[in-house]
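Worksheet for the structure shown next.
The values are calculated or read from the model by the stated rules, or taken from the named source; none is laboratory data. Here the structure is a predicted model, which is why all the values come from computation and not from measurement. Here the Cβ is made from the backbone with ideal geometry for all residues, glycine too, and neighbour counts use every protein chain on show.
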Amino acid sequence: MQRLCISGIRQFGGVVSRTCKTAYIGFESNAAYTIPRVGRLQNRFDAIRCFNADARPETVMNVFDRKAKRTQKNISALSKDYELYEYLREEVGWRMADRICDVKRKFNVAVDVGCGRGYIAKNVYEDMVGLLYQCDMAENVLRQSDVSPEVPTIRVHCDEEFFPFKLNSLDLAISSLSLHWVNDLPGVFKQIFGALKPDGCFMGAIFGGDTLYELRVSLQLAEMEREGGFSPHISPFTAPQDLGNLLQRSGFNMLTIDTDEIVVNYPSMFELMGDLKGMGENGCSWSRKPMLHRETMMAAAAIYEEMYAHKDKEGVPATFQILSFIGWKPDPSQAKPAQRGSGQVSLKDIDKLDELVKKLEEKNSKDGTT
């Protein structure tokens, strides 16, 4: 059982489609209760708002205003043309679903942390996942999320920083471009680690440190020139080495992290900023400035075009660095590394690979092995 805090309760119609139900689990409280698990849902049920009551021993960096981010995402969901801004998440969501296919196993229970509008779920099928939970902090976005055509899906409204699943209950946790707004990233990793069953899998994608570096540099130079100083307008992102350290410290093993870059071309800096707002990716750090002066924005656009514009075509590029990772919860059934000194071939002889293979085949044939 996981200790949770419960406050306001209201009724909500749970059935969204033939394969999808919705639960509302979220935020503040005064009293502590025990919830067995999110999975016990009915066609009509109470909506519960909750916080994890366990005290964390580590100091949590409070960088982002989570309430402001929730509001920004909910406002973006009210736009009639919100689908126009989904191109980046759609691409990464498809890639993450493809990575699930690479694992030759069916995951009975999976959770999509920060699901958004179901970018992963729409590409998940019954031979990959048995039951899928979709979790997001923005209720308006969650209502718009697509579901799998084959996999039973349950929507859960909750904050990613307070994972509402009991210990050893999940086979797969997956996240696509949502954890970069989390204040307590180590705490989220530890909660996911605890909720996974032994030999459970955690895979995801998160923005890397070089994301939108063109916009960051242009705004900083423009503010230094026009205002004599600058404020952070692009949120801090995770470096690949830091991501690996956090996952390893949380207990995951057999880690794999790879880096990719998606470059999107825009007519100017203003179209880029408009698309970021449409995605719900406005800045929400506590130290953000309430406004940008018109002269500063015009100067930033000119600097952006001067420093980064294409020479052979119109428009300016925007770089999105994607860090994709996969980690596993330890289990005795997992493959173990070979003993030190048990290798038969030295890496310095790798250029003689054909000769080494023939020698090994001759040796095995003499020993009667294959």
Practice problem: Take segment 135-175 and flag every residue that is of a type in the set (S, T, N, Q), closer than 21 Å to residue 279 by Cβ and touching a residue at least 40 places away in the same chain (Cβ under 8 Å). | Solution: 140, 144, 175
Practice problem: Six or more apart or on different chains, Cβ under 6 Å: which pairs go from a residue in segment 323-349 that's touching a residue at least 40 places away in the same chain (Cβ under 8 Å) to one that's part of a helix (DSSP H, G or I) and loosely packed, with under 10 Cβ neighbours inside 10 Å? Could you list them? | Solution: none
Self-check item: For residue 143: the one exception among (1) out of contact with any Lys or Arg (no Cβ under 9 Å at 6 or more places or on another chain); (2) surrounded by fewer than 20 Cβ atoms within 10 Å (Cβ to Cβ)
Solution: (1)
Quiz item: Out of (1) over 30 Å from residue 237 (Cα atoms); (2) assigned to a helix (DSSP H, G or I); (3) under 35 Å from the mean Cα position of the chain (by Cα), what's the single condition that is false for residue 302?
Solution: (1)
Exercise. Out of the residues in segment 172-199 that are in a loop (DSSP other than H, G, I, E, B) and in contact with a helix residue (DSSP H, G or I) (Cβ under 6 Å, 6 or more places away or on another chain), state the one that is nearest to residue 334 (Cα to Cα).
Key: 177
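Do the conditions hold for residue 221, that is, is it within 30 Å of residue 305 (Cα to Cα), modelled with pLDDT of 90 or more and surrounded by 13 or more Cβ atoms within 10 Å (Cβ to Cβ)?
In short, yes.
Given the options 257, 262, name the one that is in contact with a strand residue (DSSP E or B) (Cβ under 6 Å, 6 or more places away or on another chain) and over 22 Å from residue 186 (Cα atoms).
Just one listed residue meets the conditions, 262.
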Quiz item: Exactly one of (1) surrounded by 10 or more Cβ atoms within 10 Å (Cβ to Cβ); (2) not in a loop (DSSP other than H, G, I, E, B) is unmet by residue 354. Its number?
Solution: (1)
Practice problem: Test residue 202 against the stated conditions and say whether it is farther than 30 Å from residue 298 by Cα and either assigned to a helix (DSSP H, G or I) or at pLDDT below 90 (or both). | Solution: no
Practice problem: Residue by residue through segment 288-315, note down the ones that are without any contact (Cβ under 8 Å) to a residue 40 or more places away in the chain and acidic (Asp, Glu). | Solution: 305, 306, 312
Quiz prompt | Residues (assigned to a helix (DSSP H, G or I), touching a helix residue (DSSP H, G or I) at 6+ places or on another chain (Cβ under 8 Å) and of a type in the set (Gly, Ala, Ser)) located in segment 237-263 | solution = 250
Self-check item: Conditions (1) of a type outside the set (S, T, N, Q); (2) out of contact with any Cys (no Cβ under 7 Å at 6 or more places or on another chain); (3) crowded, with 24+ Cβ neighbours inside 10 Å; number of the one not met by residue 158
Solution: (2)
Exercise. Residue by residue through segment 264-274, note down the ones that are part of a strand (DSSP E or B) and either more than 23 Å from the chain's Cα centre (by Cα) or within 22 Å of residue 243 (Cα to Cα) (or both).
Key: 265, 266
Quiz item: Checking residue 234 against (1) modelled with pLDDT of 90 or more; (2) in contact with a helix residue (DSSP H, G or I) (Cβ under 7 Å, 6 or more places away or on another chain), which test does it fail?
Solution: (1)
Quiz item: Of the residues 342, 324, 333, which is among the hydroxyl-bearing types (Ser, Thr, Tyr), under 27 Å from residue 110 (Cα atoms) and in a loop (DSSP other than H, G, I, E, B)?
Solution: 333
Quiz prompt | Residues of segment 320-362 satisfying the condition of being over 30 Å from residue 197 (Cα atoms) and of a type in the set (D, E, K, R) | solution = 348, 349, 351, 352, 354, 355, 358, 359, 361, 362
Quiz item: Any idea which residue in segment 39-64 is modelled with the highest pLDDT, counting only those that are touching a Lys or Arg at 6+ places or on another chain (Cβ under 8 Å) and over 19 Å from residue 189 (Cα atoms)?
Solution: 41
Self-check item: Qualifying residue in segment 234-245 (condition: over 22 Å from residue 63 (Cα atoms), touching a residue at least 40 places away in the same chain (Cβ under 8 Å) and hydrophobic (A, V, I, L, M, F, W, C))
Solution: no
